[in-house]
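See below for the structure under consideration.
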Amino acid sequence: MKNKLFFPILSLLFCFLVSACTPKEKGIRKGNYRITDQGIVFDEPQRVEGQKSVLQLAVDPIENVRIGFIGLGMRGPDAVDRMTHIDGVTVVALCDIEPDRVEKVQTDIIEAKGLPRAAAYAGSREAWKELCERDDIDLVYICTDWKTHVPMAVYAMQHGKHVAVEVPAATSLEECWQLVDVAEQTQRHCMMLENCCYDFFELTALNMAQQGLFGELIHGEGAYIHNLEPYWHEYYDNWRLEFNQDHSGDVYPTHGLGPLCQAFDIHRGDRMKSLVSMSTPSYNGKKIAKEMMDTEEFANGDMTTTMIQTEKGKTLLIEHDVYTYRPYNRLFQLTGTEGFANKYPVSGFTVQEDKLPEGFLPEGHKPLNPHDFVPADVRDSMMKEYLHPIAKEIEAKAKEVGGHGGMDFIMDYRLIYCLHNGLPLDEDVYDAAEWSCLGELTAASIAEGGMPVVMPDFTRGDWDKVKGFHHAVK
Ligand SMILES: NC(=O)c1ccc[n+]([C@@H]2O[C@H](COP(=O)([O-])OP(=O)(O)OC[C@H]3O[C@@H](n4cnc5c(N)ncnc54)[C@H](O)[C@@H]3O)[C@@H](O)[C@H]2O)c1
């Protein structure tokens, strides 16, 4: 009897010892995240040996920036055109699946300006790899659909190129980490082209905030509200509607979030720590899907609202709605302890008189009302007085070349200026990851009934090393 029990008891004891000694994962695992007491916690990969931070990355100055463009649909050709207005830039190569799109840019932009024809890559979904493999390109500029951004950016960096990639840079958390890891492994720049950071109002309000006009910033709001009904048919192979059909959450968060993160010094003294997100059901999205894809299935809710809290306890509200009948609204709002800025639907500021320079207000003016915007003439003078130095420098040319009123040009100009002068870029790979990761994080929060999500720290602990966001200047 004794002998019979010896081995079962021994094996039970062994199992108990093994399980007691194995570190237990906290919470309930669901795919790539766990549900814990703090809410949803996604897996965060370790930095591998030999890989180092690209915070404030500066590379040798590049006198003439040689660019290869991939993706020449609605967005790409304007980017090619804008770059031809900047000195010290050469358009070396152009790529699109469709040969006629490449040829149109060659004739309408490159040849029309008397520039040498660029090398052309077209006719397949893989032709862009040959462009990345060239040894006479410094920067690969990507304007394709969302799902192709990361494979292209990664391949380009691994072939020694810097990368500029349209918004959102990545579509999943795994892709965000991939961008960060490859940028760190290759020590290449990877900038997401968040043009809204360069609009005149956003830049001016940022300058005001940095000069203390609003006191301490405590809350920000941003949005992308744009009824895309007239455009759904225009996207190549229906990529955008297909993506939204497949994904819930804020799939296009960066226009609202980018300018706020700069104003709130995200990973430059503060960091986004957690978020909660909620979404309505799909009503209009479903209708479009029925019409265009003959399906009633549609994951993306019509209106998605997300609240983010930062390490310092400040709050950001982000909205996404590309379906409903309402005016275009790319909300950008800053609330400070002593002032306020708002763009869309009404742009204006609320400030305290003693924050303005002496003699700024006209003689005999009415006292500024603390619960109203400053009068329109004061707002207009403030827009001039506080115009950001980087916008001042290039304002006239930006308005002439255009691109959403000039902001796209300022963005490209700044990218090239930093590369010419060997300076850190305004938007680094951590911004690209932090702003893009909202897609998967908001979807998880929504799926778990609005549960908080712990936001990953893509800088892996370095978020407080740089003190305050600044545009690098020579
Ligand atoms: N920042 C902004 O204000 C802004 C505005 C519009 C679009 N965008 C972004 O720009 C990107 C492109 O949008 P769009 O409106 O031009 O879309 P689009 O569908 O008009 O164009 C995409 C182009 O990419 C090409 N393409 C796709 N896969 C390719 C591949 N494997 N190789 C080569 N070419 C490929 C397609 O042929 C097409 O010409 C998206 O990321 C979008 O979010 C940003």
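The values are calculated or read from the model by the stated rules, or taken from the named source; none is laboratory data. The shown structure was predicted, so the numbers you read here are calculated from the model rather than taken from an experiment. No Cβ is skipped: glycine too gets one built from the backbone with ideal geometry, and neighbour counts run over all protein chains shown.
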Result of the Cβ filter at 6 Å on segment 352-378, keeping first residues that are within 18 Å of N207 (Cα to Cα) and partners that are among the acidic types (D, E) and in a loop (DSSP other than H, G, I, E, B), at least 6 apart or interchain, is Q352/E338
What tally of residues in segment 61-101 results from selecting those that are of a type in the set (D, E, K, R), under 13 Å from I142 (Cα atoms) and without any contact (Cβ under 8 Å) to a residue 60 or more places away in the chain? 1
Total residues in segment 122-141, condition buried (at least 24 other Cβ atoms within 10 Å of the Cβ) and within 8 Å of the ligand (Cβ to nearest atom): 1
Could you please find all residues in segment 330-344 being assigned to a loop (DSSP other than H, G, I, E, B) and in contact with an Asp or Glu (Cβ under 7 Å, 6 or more places away or on another chain)? L331, T337
Of (1) of a type in the set (K, R); (2) touching a residue at least 24 places away in the same chain (Cβ under 8 Å); (3) assigned to a helix (DSSP H, G or I), K287 fails just (2)
When you scan segment 84-103, how many residues do you find that are more than 15 Å from the ligand (Cβ to nearest atom) and within 24 Å of the chain's Cα centre (by Cα)? 1
With the structure loaded, tell me whether E63 is within 23 Å of V180 (Cα to Cα), loosely packed, with under 11 Cβ neighbours inside 10 Å and acidic (D, E) or whether it fails that test. no
Helices (runs of 4 or more DSSP H) (entirely within segment 181-274) containing at least 3 residues that are surrounded by fewer than 22 Cβ atoms within 10 Å (Cβ to Cβ) and modelled with pLDDT of 95 or more: 200-210, 239-246
Among the residues of segment 222-275, the number that are among the polar types (S, T, N, Q), in contact with a Cys (Cβ under 9 Å, 6 or more places away or on another chain) and more than 14 Å from the ligand (Cβ to nearest atom) is 1
Filter segment 142-151 down to residues that are more than 18 Å from V91 (Cα to Cα) and either near the ligand (Cβ under 8 Å from one of its atoms) or modelled with pLDDT under 95 (or both), then give me how many there are. 4
Flagged in segment 34-58 as buried (at least 17 other Cβ atoms within 10 Å of the Cβ) and more than 28 Å from M451 (Cβ to Cβ), in numbering order, are Q51, S53, V54, L55, L57
Being more than 20 Å from Q262 (Cα to Cα) and either away from the ligand (no atom under 16 Å from the Cβ) or at pLDDT 95 or above (or both): is that true of Y386 here? no
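Check segment 403-410 and report whether any residue there is assigned to a helix (DSSP H, G or I), touching a residue at least 12 places away in the same chain (Cβ under 8 Å), of a type in the set (V, I, T) and buried (at least 16 other Cβ atoms within 10 Å of the Cβ).
yes
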Residue match in segment 72-83 (condition: farther than 18 Å from A156 by Cβ, away from the ligand (no atom under 15 Å from the Cβ) and within 25 Å of the chain's Cα centre (by Cα)): no
Quick one: in segment 152-174, which of the residues that are within 15 Å of the ligand (Cβ to nearest atom), surrounded by 24 or more Cβ atoms within 10 Å (Cβ to Cβ) and outside any loop (DSSP other than H, G, I, E, B) is farthest from the chain's Cα centre (by Cα)? A156
Any residue in segment 104-113 that is within 11 Å of the ligand (Cβ to nearest atom) and out of contact with any Gly (no Cβ under 6 Å at 6 or more places or on another chain)? yes
